[in-house]
Amino acid sequence: MSSLTRFFKDTVIYGLASVLPRLINFLLMPVLTSVLSTKEFSAQTTWYVYAAFINVILTLGLETAFFRFYTSEQDKSKVISASFMLILTSSTLFLLLGFVFSSSLTSFFGLSDPIFLKVLLGVTFLDTLVVIPFALLRVSGRPIRFFTLKIINILFLFIVTAIIFLIIPYLNAIQSKLPVLLGFEPKFRPEIIHLFYANLATSVFTFLCLLPEIFKIKWSWNKEIIYKLLNYGLPIMIGGFAYIINENADKLLIPKLIDENSNGIYAACYKLGVFMTLYITAFRMGAEPFFFNQAKHDDAYEKYSKIMTWFVLFGATFMVCIVGYVDLIASLFIKQKEYLDGLLIVPIILLANLFSGVYMNLSIWYKLTDRTRYGMYLSIFGAIITIISLLVFIPILGIQGAALATLFTYFSMAFISWFLGHKVYPVPYEYGKIGIFIMMATCFSLISFYFFRNQIFINASIILLFLILVFFIMKNEILQIRKSLTRK
């Protein structure tokens, strides 16, 4: 149990370092939805989708490759140097080409102003350069530094955005009483571009904070290490690109198949699934290094099986709790009523994200056996399923069809991954318990959402009943953990 205890500790430390920044970023939702129209919210969502696509290409799958070879190579400095130099090269080439062909790229991305592209180039360039320094902090056991930088980063973005979108408009509003106030223009109105400027300022700030780590990297090329990194990482990059399609193709197709206002509503309500995403992110931050470190242990299969069971249990619990109080949560974070028409997608998106996490757990079979190409194939398969199902479901069911397409994609990917991997890397997963938790969460959530919305006490009873059933199913494991903690 000691290794599992370390796993959970790593998950908490590194998970918080990733979850809290995203949660703080999520707290910008009330600010943005109170100022931006649904059409403007759609535009900023599209910008972030492009940034996600660019980042996954520029990183070349090297974050996972870095973990893989940092733990196996004797000369770790060569792995650090090669990883950073590869990312520096890809990012610099992209930045230069982006500025040279800025006019063509502006038209290609459908951006209304070239400045949007230039800011996008700057943000993605800087964000890519800090990938290896952050990964190095994780793998070398420096959680406090990692945690601090992540929190400072998002707080900086939060403060700058709040100043632009809340404080300056407020000062403008009282300028009639204070004729000249800090030089603010009376007619200033925050727009989308100001949000992008805030992101650029944050990227610059984070890069400067990580300069001490960057300066310690030795600038040298090792062809053997570079070949290993690229051979392992490129399939992950292609798979990552396909994953971004799975995650974001809906936000690109809804404006074309419906309209931008519907996309803004969908994107805002989609963000309410962030709680499941945060949970999965926290888990991944601790799980990925743990899976590699435990691979050679005799009881590795048993540990992986237990981790999957507990992962699904907590995910299912989150789903029931969030759906039970979805209207209350929405009222806190979404400030214009027109956005609330999209709440019907939230239960579907939560379940889709849960299957996404299951797929992530199942991915250990091809990562630990160095068959990362299968991850690429699975992600490409998922991307194809995503596009086809979106084109079929959206015209029929609207934004709910987009959510169902996401669920169908992640369920299909999880099933195919299990089918391909259970013979290659036969982890004895507790299929009965996993299936029961998912079915219970689905049934309880649907009952809560369609029959008892806004009924606080009834939903509290539904959640309590769910937890009681979970306790009886996991009674032996819970008592065993309690005994283990008591001994310590």
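Under the condition of being at pLDDT 70 or above and touching a helix residue (DSSP H, G or I) at 6+ places or on another chain (Cβ under 7 Å), which residue from segment 163-185 is surrounded by the fewest Cβ atoms within 10 Å (Cβ to Cβ)?
Leu166
Restricting the first residue to segment 238-261 and requiring it to be touching a residue at least 40 places away in the same chain (Cβ under 8 Å), which pairs with a second residue that is in a helix (DSSP H, G or I) and basic (Lys, Arg) meet a Cβ separation below 8 Å and a spacing of at least six or different chains?
Glu260/Lys39; Asn261/Lys39
If I ask for residues that are modelled with pLDDT under 85 and of a type in the set (Phe, Trp, Tyr), which ones from segment 142-162 would you list?
Scanning segment 142-162 gives Phe146, Phe147.
A quick yes/no check of all residues on (1) in a helix (DSSP H, G or I); (2) in contact with an Asp or Glu (Cβ under 6 Å, 6 or more places away or on another chain); (3) over 19 Å from Gly239 (Cα atoms); (4) acidic (Asp, Glu):
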site: Leu32; (1), (2), (3), (4): yes, no, yes, no
site: Glu40; (1), (2), (3), (4): yes, no, yes, yes
site: Thr45; (1), (2), (3), (4): yes, no, yes, no
site: Val49; (1), (2), (3), (4): yes, no, no, no
site: Phe53; (1), (2), (3), (4): yes, no, no, no
site: Val56; (1), (2), (3), (4): yes, no, no, no
site: Phe66; (1), (2), (3), (4): yes, no, no, no
site: Ser72; (1), (2), (3), (4): no, no, yes, no
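Of the numbered conditions (1) at pLDDT 85 or above; (2) surrounded by fewer than 16 Cβ atoms within 10 Å (Cβ to Cβ); (3) not hydroxyl-bearing (Ser, Thr, Tyr), Leu479 fails exactly one; give the number of that condition.
Going through (1) at pLDDT 85 or above; (2) surrounded by fewer than 16 Cβ atoms within 10 Å (Cβ to Cβ); (3) not hydroxyl-bearing (Ser, Thr, Tyr) one by one, Leu479 breaks only (1).
So which helices (runs of 4 or more DSSP H) stay within segment 374-486 end to end and still have 2 or more residues that are touching a residue at least 12 places away in the same chain (Cβ under 8 Å), in contact with a helix residue (DSSP H, G or I) (Cβ under 9 Å, 6 or more places away or on another chain) and of a type in the set (S, T, N, Q)?
Hits in segment 374-486: 399-424, 431-451.
Could you list, in sequence order, all residues of segment 327-346 that are buried (at least 21 other Cβ atoms within 10 Å of the Cβ) and either closer than 30 Å to Tyr374 by Cα or modelled with pLDDT under 90 (or both)? Outline the logic, then answer.
Going through segment 327-346, the residues buried (at least 21 other Cβ atoms within 10 Å of the Cβ) turn out to be 334, 339, 342, 345-346.
Once the filter is applied, which keeps residues that are buried (at least 21 other Cβ atoms within 10 Å of the Cβ) and either closer than 30 Å to Tyr374 by Cα or modelled with pLDDT under 90 (or both), segment 327-346 yields Ile334, Tyr339, Gly342.
For segment 120-146, which residues satisfy the criterion of being surrounded by fewer than 20 Cβ atoms within 10 Å (Cβ to Cβ) and polar (S, T, N, Q)?
Selection gives Ser140 alone.
Pairs under 8 Å by beta carbon, first residue over 16 Å from Phe26 (Cβ atoms) in segment 142-162, partner of a type in the set (Phe, Trp, Tyr) and surrounded by 18 or more Cβ atoms within 10 Å (Cβ to Cβ), six or more apart or different chains?
Final answer for the pair search is Pro143/Tyr14; Phe146/Tyr14; Phe146/Phe134; Phe147/Tyr14; Leu149/Phe134.
Quick check on segment 201-221. Is at least one of its residues closer than 21 Å to Ser37 by Cα, aliphatic (A, V, I, L, M), surrounded by 14 or more Cβ atoms within 10 Å (Cβ to Cβ) and at pLDDT 85 or above? Outline the logic, then answer.
Filtering segment 201-221 for residues closer than 21 Å to Ser37 by Cα gives none.
Scanning segment 201-221, I find no residue that is closer than 21 Å to Ser37 by Cα, aliphatic (A, V, I, L, M), surrounded by 14 or more Cβ atoms within 10 Å (Cβ to Cβ) and at pLDDT 85 or above, so the answer is no.
Looking at segment 279-294 only, could you name the residues that are buried (at least 21 other Cβ atoms within 10 Å of the Cβ) and either under 30 Å from Gln400 (Cα atoms) or at pLDDT 80 or above (or both)?
Correct list: Tyr279, Ile280, Ala282, Phe283.
For Ala316, state whether it is assigned to a helix (DSSP H, G or I), touching a helix residue (DSSP H, G or I) at 6+ places or on another chain (Cβ under 9 Å), at pLDDT 85 or above and within 29 Å of Leu20 (Cα to Cα). Even if it seems obvious, please write down each step before you answer.
Details: assigned to a helix (DSSP H, G or I): yes; touching a helix residue (DSSP H, G or I) at 6+ places or on another chain (Cβ under 9 Å): yes; at pLDDT 85 or above: yes; within 29 Å of Leu20 (Cα to Cα): yes.
Judged against the criteria, Ala316 is a match.
Taking the residues in segment 295-313 that are among the aliphatic types (A, V, I, L, M) and over 16 Å from Ala352 (Cα atoms) as candidates, determine which candidate is modelled with the lowest pLDDT.
Residues of segment 295-313 that are among the aliphatic types (A, V, I, L, M), as a first pass: 295, 300, 307-308, 312-313.
Imposing the further condition that a residue be over 16 Å from Ala352 (Cα atoms) reduces the set to 295, 300, 307-308.
Numbers: Ala295: 62, Ala300: 76, Ile307: 85, Met308: 89.
For segment 295-313, the residue satisfying everything is Ala295.
Just give me the residues in segment 336-393 being of a type in the set (A, V, I, L, M) and within 19 Å of Arg284 (Cβ to Cβ), in sequence order. Outline the logic, then answer.
Looking only at segment 336-393, we keep the residues that are of a type in the set (A, V, I, L, M), and these are 340, 343-346, 348-352, 354, 358, 360, 362, 364, 368, 376, 378, 380, 383-385, 387-388, 390-392.
Those that are of a type in the set (A, V, I, L, M) and within 19 Å of Arg284 (Cβ to Cβ): Ile349, Leu350, Leu351, Ala352, Leu354, Val358, Met360, Leu362, Ile364, Leu368, Met376, Leu378.
If we keep just the residues of segment 103-136 that are modelled with pLDDT of 80 or more and small (Gly, Ala, Ser), which is farthest from Leu234 (Cα to Cα)? Give the steps one after another, and end with the answer.
Quick first cut of segment 103-136, residues modelled with pLDDT of 80 or more only: 115-136.
So of that shortlist, the ones also small (Gly, Ala, Ser) come out as 122, 135.
On the way: Gly122: 23, Ala135: 17 Å.
Result: Gly122.
Do any residues in segment 294-309 that are more than 14 Å from Asn361 (Cβ to Cβ) have Cβ atoms under 8 Å from those of residues that are among the hydrophobic types (A, V, I, L, M, F, W, C) and modelled with pLDDT of 75 or more, where the two are at least six apart or on different chains, and which pairs are they?
That search, which allows pairs on different chains as well, returns Ala295/Leu368.
Go over the candidates Leu155, Leu149 one by one and state the one that is under 19 Å from the mean Cα position of the chain (by Cα) and surrounded by fewer than 18 Cβ atoms within 10 Å (Cβ to Cβ). Give the derivation first.
On the way: Leu149 fails: surrounded by fewer than 18 Cβ atoms within 10 Å (Cβ to Cβ).
Among Leu155, Leu149, only Leu155 is under 19 Å from the mean Cα position of the chain (by Cα) and surrounded by fewer than 18 Cβ atoms within 10 Å (Cβ to Cβ).
If we scan segment 105-118, do we find a residue that is closer than 26 Å to Met376 by Cβ, outside any helix (DSSP H, G or I) and of a type in the set (S, T, N, Q)?
no
Quick test for you: out of Leu117, Leu95, pick the one residue that is surrounded by 14 or more Cβ atoms within 10 Å (Cβ to Cβ) and without any contact (Cβ under 8 Å) to a residue 24 or more places away in the chain.
Working: Leu95 fails: without any contact (Cβ under 8 Å) to a residue 24 or more places away in the chain.
None of the others qualify; the one that does is Leu117.
Residue by residue, here is whether (1) within 29 Å of Ala43 (Cα to Cα); (2) surrounded by 21 or more Cβ atoms within 10 Å (Cβ to Cβ) holds:
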{"position": "Lys223", "(1), (2)": "no, no"}
{"position": "Ile226", "(1), (2)": "no, no"}
{"position": "Asn231", "(1), (2)": "no, no"}
{"position": "Tyr243", "(1), (2)": "yes, yes"}
{"position": "Asn248", "(1), (2)": "yes, no"}
{"position": "Leu252", "(1), (2)": "yes, no"}
{"position": "Asn263", "(1), (2)": "yes, yes"}
{"position": "Tyr266", "(1), (2)": "yes, yes"}
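For segment 103-110, does any single residue satisfy the condition of being within 20 Å of Ile57 (Cα to Cα), crowded, with 18+ Cβ neighbours inside 10 Å and of a type in the set (Gly, Ala, Ser)?
no
In this structure, does Ser445 turn out to be farther than 30 Å from Ile238 by Cα, surrounded by 16 or more Cβ atoms within 10 Å (Cβ to Cβ) and of a type outside the set (Lys, Arg)?
Values: farther than 30 Å from Ile238 by Cα: yes; surrounded by 16 or more Cβ atoms within 10 Å (Cβ to Cβ): yes; of a type outside the set (Lys, Arg): yes.
Taking the combined requirement at face value, the residue satisfies it.
The values are calculated or read from the model by the stated rules, or taken from the named source; none is laboratory data. All of these numbers come straight from a predicted model, not from anything done at the bench. FYI the Cβ positions are ideal-geometry reconstructions off the backbone, even for glycines, and counts take in every protein chain you see.
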